[in-house]
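Some notes on the structure that comes next.
FYI, it's all coordinate maths here, none of it is from the lab. Just so it is clear, the structure is predicted and the values come from calculations on it, not from any experiment. Neighbour counts are summed over all protein chains in view; Cβ atoms, including those assigned to glycine, are modelled from backbone coordinates with ideal geometry.
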Amino acid sequence: MKPIGNCRPDLDIVDGLAKAIKRAYQKDGAFPEPIRHLAWDYGDHADPHRVAREMNGRYLVDVSDKDGNSFAAGKQVSGFAQLRDDGTTMSGNWIYCGGYTEEGNLAARRDATDAPNGIGLHPKWAWVWPMNRRILYNRASVNRKGEPFNPRKWVIRWNAEKKIWEGDVPDGAMPPGEMNPFIMLASGVGQLYSPDLADGPFPEHYEPVESPVRNPFSKIQSSPCAQIWQSTEFDRYGKPDVFPIVATTYRVSEHWQTGAMSRNMPWLVGLVPNAFVEIGKALAKREGIKNGDRVIVSSARGSIEVYALVTERFQPFFIEGRMIDEIGIPWHWGYAGIVPGDIANDLTASVGDPNSQIPETKVFLCNIKRKDRA
C-alpha cells in the first residue's frame with residue numbers, strides 16, 4: 001500500500017535524517033569524527049534487510065574458534081555466543097543474534113512443523129529472541145539430571161545417549177547439573193527474596209493510593225514507598241465517599257500507540273472520532289445515562305466532558321458485601337489534532353511506582369454524571 005501524501009516509512013525518515021546529519025558534520029561540528037565515520041550503509045533507499053542483517057551481527061575479520069572452526073570476514077554470526085569483545089565481531093543488538101544468519105531471514109519462515117515435544121512451540125515458524133528460545137528459563141522445568149518434572153508435557157529434556165537437549169532451545173546449553181536455570185541471575189535460581197526492590201525484599205499486595213476497598217491481604221493499605229507528589233494543584237487525592245467509582249485508562253484497537261499519532265491520521269480518526277467513557281449498563285441506568293449522552297467524569301484533580309458508551313463489558317464488582325462500579329476511558333485524545341478531545345490523564349493521580357516511577361494511571365477514583373445533572 002502506497003502511503004498517502006508525503007507520508008514515508010519510519011526507516012526512510014530515520015535514514016534521511018542520519019544522512020543529513022552526516023552531511024552537516026562534513027562541513028563543521030564540534031568533535032565531528034564519530035558522526036563523519038558513522039557506519040551507515042543501507043543503500044540509497046534504506047533496505048530493511050541490511051538493517052536486520054546488521055542487527056544480527058557479522059564477523060569483521062577472519063576468525064577461528066577453540067574447536068578449529070573458521071569464519072570469514074563479512075559472514076553473519078549464528079548466535080550471540082560467537083560475539084567477541086576484541087573488535088573482531090559486531091552486532092546491533094545481541095538479543096537479535098541468530099535471527100538473520102547465513103541461512104537468511106529466519107523471521108520470514110513459515111514452517112508450522114512442531115517441536116518433538118508436540119506442545120505448540122513451532123520452532124520453524126518465524127524466529128524469536130534470544131536464539132529462537134520459545135520459553136524463557138525452560139531448564140526450570142527439569143531436574144538436575146535433565147528429566148522433565150512433567151514427562152507428559154515436557155518443554156525440554158536431556159538425551160543422555162546423544163548428549164543433547166531435546167525440545168525447546170535450552171536456556172544455557174551446558175549438560176544437566178552444570179548450570180542453574182535462571183542464567184540472567186548471579187545465583188542462577190529464582191528469587192522470592194529480592195533485595196534490589198525499594199519496597200522489598202518480599203512481594204506484598206498493596207491497594208492503589210486511591211482505592212474504594214481496604215487491603216484484604218495486609219494491614220498496610222498502599223505502598224509506603226510509593227512516590228506521591230504534592231507540589232502542584234493537580235497533586236490531590238480522592239476519597240471513596242466523594243469519588244466512589246473506580247476508573248481505568250486503556251487504548252482502543254482502532255488507534256495506534258499514541259494520541260499524537262492517532263489524532264493526526266484521518267482513517268484512524270474516522271474509526272473512533274470522539275473521546276468517550278465506557279460504562280456498564282447498571283451504572284448507566286442508576287445515573288440516567290444513555291448511549292451517546294454527554295457526561296462529566298470528575299476526580300480530585302479535575303473533570304472532563306466526553307460521550308457515554310454504554311456497554312456490557314464493564315460489570316460491577318461485589319467486594320466486602322457491596323457493589324463497586326468501574327468505568328474505562330481511552331487516553332488517545334488531547335487538545336490538538338483533527339478531532340481534539342478532553343484528556344483522560346487530567347483525571348489520573350500523580351503516584352509513582354517505588355521501583356520504576358511508572359505512574360499509577362491505570363486505576364483511580366472518580367465520579368460520573370450526565371452533563372445536565374453535573
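Before moving on, here are some points about what is shown:
- From the largest down, region 115-209 spans 53, 30, 25 angstrom on the principal axes of its Cα atoms.
- Within region 26-123, the GluC sites (Glu not before Pro) that combine a DSSP coil assignment with at most 16 other C-beta atoms in a 10 angstrom radius are Glu102, Glu103.
- Taking the inverse of the mean 1/r over every pair of distinct Cα atoms in region 165-298 gives a Kirkwood hydrodynamic radius of 20.9 Å.
- Approximate spin-label separation Asp199-Ile183, in nm, with each point projected 7 Å along Cα-to-Cβ: 3.3 nm
- Computed Kirkwood radius, in angstrom, where 1/r is averaged over Cα pairs of region 220-297: 16.3 Å
- The eigenvalues of the Cα gyration tensor, multiplied by 5 and square-rooted, give the chain an equivalent ellipsoid with semi-axes of 47, 33, 22 Å from largest to smallest.
- For the chain: relative contact order, % (alpha-carbon pairs under 8 angstrom, 6 or more apart): 11 percent
- Set of lysines with alpha-carbon distance to Lys2 below 26 Å, sequence-local pairs under 8 removed: Lys19
- Three principal axis extents of region 227-373 based on alpha-carbon atoms, in descending order, are 45, 39, 26 Å.
- DSSP-assigned coil residues among chymotrypsin sites (Phe, Trp or Tyr not before Pro) in region 132-195, each with at most 13 further Cβ atoms within 10 Å: Phe149, Tyr193
- Exposure proxy ranking, count of Cβ atoms within 10 Å, fewest first, for Tyr100, Tyr59, Tyr307, Tyr335: Tyr335, Tyr307, Tyr59, Tyr100
- Loop-located GluC sites (Glu not before Pro) in region 146-211, at most 14 other Cβ atoms within 10 Å (DSSP): Glu161, Glu178, Glu204
- Cβ-based charge dipole, the chain, positive-most Cα from Pro176, Val306, Met90: Val306
- Entries in Lys290/Lys369; Lys22/Lys75; Lys281/Lys369; Lys285/Lys369; Lys75/Lys163 that, when Cα-Cα distance is taken, lie over 18 Å: Lys22/Lys75; Lys75/Lys163
- Point-to-point label distance, Asn69-Met55, nm (Cα→Cβ direction, 7 Å offset): 2.4 nm
- Rounded if a/c under 1.5, otherwise prolate or oblate - region 83-150, Cα gyration tensor axes: oblate
- Looking at the chain alone, DSSP beta bridges between its own residues are antiparallel in about 75 percent of cases.
- Local electrostatic count, Asn105, Cβ distance below 15 Å [Lys/Arg +1, Asp/Glu -1]: +1
- Put simply, the amide H of Met90, placed in the peptide plane, has neighbours under 5 Å in Arg58, Leu60, leaving out anything fewer than 5 places away on its chain.
- Computed over neighbours whose Cβ is under 14 Å from that of Pro32, the net charge equals +2, Lys and Arg +1, Asp and Glu -1.
- Sum of side-chain charges, Leu365 neighbourhood, beta-carbon under 12 Å (Lys, Arg +1; Asp, Glu -1): -3
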